[in-house]
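The structure appears right after this line, and notes come after that.
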Amino acid sequence: MKVILKEDVKNLGTMGSVVNISDGYGRNYLLPRNLAVEANPKNVKKLEHEKKIILEKAKKVRKSVEELAGKLSNVTLSIEAQAGEGDKLFGTVTSKDIAEALSKQGFEIDKRKIIMPDETIKRLGQYDIHVKLHSDLTATINVEVKRMEQ
């Protein structure tokens, strides 16, 4: 089945591209979520007409994501956690904790877009955490894990 993507789809393609996919993937995932339309002659003509609109939308999205990346790169998060000897945490700092700390500062970032150095942070210290904002744009935030004051 050939479809025209209406949005960027991870591991498949970018907005406006025509891709070959399995029938089930198109019928059960892409089409119901309005991520793609079937690539029949009518839709291909419509795509050519709307390609200009799609490119404008992509530019606007890219510009807003670049602005967000600029703001995020200036952010330093401070997360307090209980730690024992050797600065080892009793628990871990996960992407969920970082997403919550970002939301307190006014940034609504999905925890799945936060790329951790290892699965979790297990020691006190400073870490550079990457946030994937767009298919090819990643921002880096500084996270400092401090000992919780008793």
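The values are calculated or read from the model by the stated rules, or taken from the named source; none is laboratory data. The structure presented is a predicted model; accordingly, all values stated were derived computationally and were not measured. Cβ: placed from backbone, ideal geometry, glycine included. Neighbour counts: every protein chain shown.
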Contacts under 7 angstrom Cβ, first residue in the range 51-79 being more than 30 Å from E149 (Cα to Cα), partner of a type outside the set (A, V, I, L, M, F, W, C) and surrounded by 10 or more Cβ atoms within 10 Å (Cβ to Cβ), 6 or more apart: K51/G16; I54/G16; R62/H134; V65/H134
Given the criteria in contact (Cβ under 8 Å) with a residue 12 or more places away in the chain and either in contact with a helix residue (DSSP H, G or I) (Cβ under 6 Å, 6 or more places away or on another chain) or of a type in the set (A, V, I, L, M) (or both), does L12 qualify? no
Confirm whether A81 is in contact with a helix residue (DSSP H, G or I) (Cβ under 6 Å, 6 or more places away or on another chain) and on the phi < 0 side of the Ramachandran plot. no
Just checking, how many residues over the range 125-144 are surrounded by fewer than 17 Cβ atoms within 10 Å (Cβ to Cβ) and aliphatic (A, V, I, L, M)? 1
One residue is enough: does the range 98-121 have a residue meeting the conditions under 30 Å from D8 (Cβ atoms) and touching a residue at least 60 places away in the same chain (Cβ under 8 Å)? no
A careful count of residues in the range 1-50 that are in a helix (DSSP H, G or I) and either closer than 29 Å to K113 by Cβ or modelled with pLDDT under 90 (or both) gives 17
All but one of (1) within 30 Å of V19 (Cβ to Cβ); (2) surrounded by 13 or more Cβ atoms within 10 Å (Cβ to Cβ); (3) not hydroxyl-bearing (S, T, Y) hold for L77; state the number of the condition that does not hold. (1)
In the range 95-103, is there at least one residue being in a loop (DSSP other than H, G, I, E, B) and out of contact with any Cys (no Cβ under 9 Å at 6 or more places or on another chain)? no
